[in-house]
1. For segment 253-267, enumerate the residues that are open to solvent by less than 10 Å² (accessible area, probe 1.4 Å), assigned to a loop (DSSP other than H, G, I, E, B) and not hydroxyl-bearing (S, T, Y).
2. Which residue is farthest from the chain's Cα centre (by Cα), if the candidates are limited to segment 168-220 and must be among the hydroxyl-bearing types (S, T, Y) and under 16 Å from M259 (Cα atoms)?
3. Could you tell me whether any residue of segment 295-307 is surrounded by fewer than 18 Cβ atoms within 10 Å (Cβ to Cβ) and of a type in the set (A, V, I, L, M)?
4. Out of contact with any strand residue (DSSP E or B) (no Cβ under 9 Å at 6 or more places or on another chain) and among the β-branched types (V, I, T): which single residue out of I307, I341 fits that description?
5. Kindly provide the set of residues from segment 153-168 that are open to solvent by 30 Å² or more (accessible area, probe 1.4 Å) and in contact with a helix residue (DSSP H, G or I) (Cβ under 8 Å, 6 or more places away or on another chain), ordered by number.
6. Say we look at segment 232-252 and pick out the residues that are of a type in the set (A, V, I, L, M) and surrounded by 14 or more Cβ atoms within 10 Å (Cβ to Cβ); which of these is nearest to N294 (Cα to Cα)?
7. In this structure, is S113 open to solvent by 50 Å² or more (accessible area, probe 1.4 Å), of a type in the set (S, T, N, Q) and either farther than 17 Å from C67 by Cβ or modelled with pLDDT under 90 (or both)?
8. Looking only at residues that are free of Cβ contacts under 8 Å to residues at least 12 places away in the same chain and in a loop (DSSP other than H, G, I, E, B) in segment 98-157, which one is farthest from S350 (Cα to Cα)?
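The values are calculated or read from the model by the stated rules, or taken from the named source; none is laboratory data. Bear in mind the structure is a predicted one, so any value in this text is a computation, not a measurement. Quick reminder, even Gly has a Cβ in these numbers, built from the backbone with ideal geometry, and neighbours come from all protein chains shown. We work out accessible area using only protein heavy atoms, side chains counted, and drop any ligands, DNA or RNA first. Shrake-Rupley method; radii C 1.70, N 1.55, O 1.52, S 1.80 Å.
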Amino acid sequence: MGIHQTNIQDIAKICHVSTATVSRALNHKPGVSNSLRSEIIATAKKYGYLPDNHARAMRMGSSTNVCLVVRTGQDVAHLLTMQDFEMFQQTLGMRLSTIYVPYDSDVIGAMVSEENRTSVSLFIIIGWTLVSDSRRFAQVRQPILFVSSDDAPAGYAAIVGDDRFGSEQAANALLEAGHRRMLVLTEENSAGSSYFKERIDGVKDAFRHHDLSFGSATIFSVPIDYRSYKASAERFVSHTIIPYLEDVSGVQPTAIAVMSDFLAAALVHELYERGFHVPEQLSVTSFGGWDIANYFPQPITSWVQPIPDLLRATLHAVPLLLSKTDFSGTIALGSMHPNGIEGSARATSSTRFVVSGFMRKGRTVRALA
């Protein structure tokens, strides 16, 4: 079978499935088991068939090396599961290498070292960079794509979530339940810089749309040691947030809007340790939808930014970056969110895709009488 003549019917025949199943598998739509999806993708790659942007990536050849950069800490796992990695590698159609850089190591030094060691065509950074001087990224010769990196430098290609809108929806869940006295928890790095500014702006939007003054909310920036996230976050909550909540001399908040699932995990743990009940005494919302949220005592109400959708948008962006093509339009990601809306990514600039999310209604918000 000639590589340039292979079509979707050929792949379906080889795998003994319908063309519709092949299409769902290659576009990562639901309705196909993981094992069958892997078989179909492997067959498509073997015979040189991948549609649309995947075909473009394959035409660039297996000599193209994409390097995935993942920051790691002692007790905060990176955002990608093994299944995510496998899906990404199988669908990319290029060589994929991965370097893990601890949070206490120099990520730019690691990237420059990787460039000198191998032939890298593109770097993809997942999550925080923790680089205080973004000008240092100029030391890296090859293009860089930042994925879900709140501290990504301006001017670089990026795949981001709809942070501001999503945070507004999470805050709306509290405001519509009658909560007016609210704490907002965000993260602060060792240099004193607060993260998630767009998410905080989303909370402010929610207050404004309810004709409320944001002055009724109190913001706490939690200093995080990313080498030991859990311990540093819980320490701040225990020493600062809990005493604030226990101070009966002031007007106590009824709700907490947390800008990160990881931070929410530390908060909820300390609240339960100190006898606070969620949502009976305090309502809590979060942001992210990461796997850590599955270990909360009860489902948390949060804005979910699906990692598979972020990766699908990344797969679309990679060949565009390598061919120096501007990001444009809106792309369907082949996923269906629980609210019945298909996942998508829209280009808000020539180098930026914003990936849609959805609201997950948990059991951590109590309606006030």
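1. The one that is open to solvent by less than 10 Å² (accessible area, probe 1.4 Å), assigned to a loop (DSSP other than H, G, I, E, B) and not hydroxyl-bearing (S, T, Y): M259.
2. T218
3. no
4. Of the residues listed, the single one that is out of contact with any strand residue (DSSP E or B) (no Cβ under 9 Å at 6 or more places or on another chain) and among the β-branched types (V, I, T) is I307.
5. Scanning segment 153-168 gives A154, Y156, R164, F165.
6. Looking at residues that are of a type in the set (A, V, I, L, M) and surrounded by 14 or more Cβ atoms within 10 Å (Cβ to Cβ), I get A233.
7. Judged against the criteria, S113 is not a match.
8. My answer is S105.
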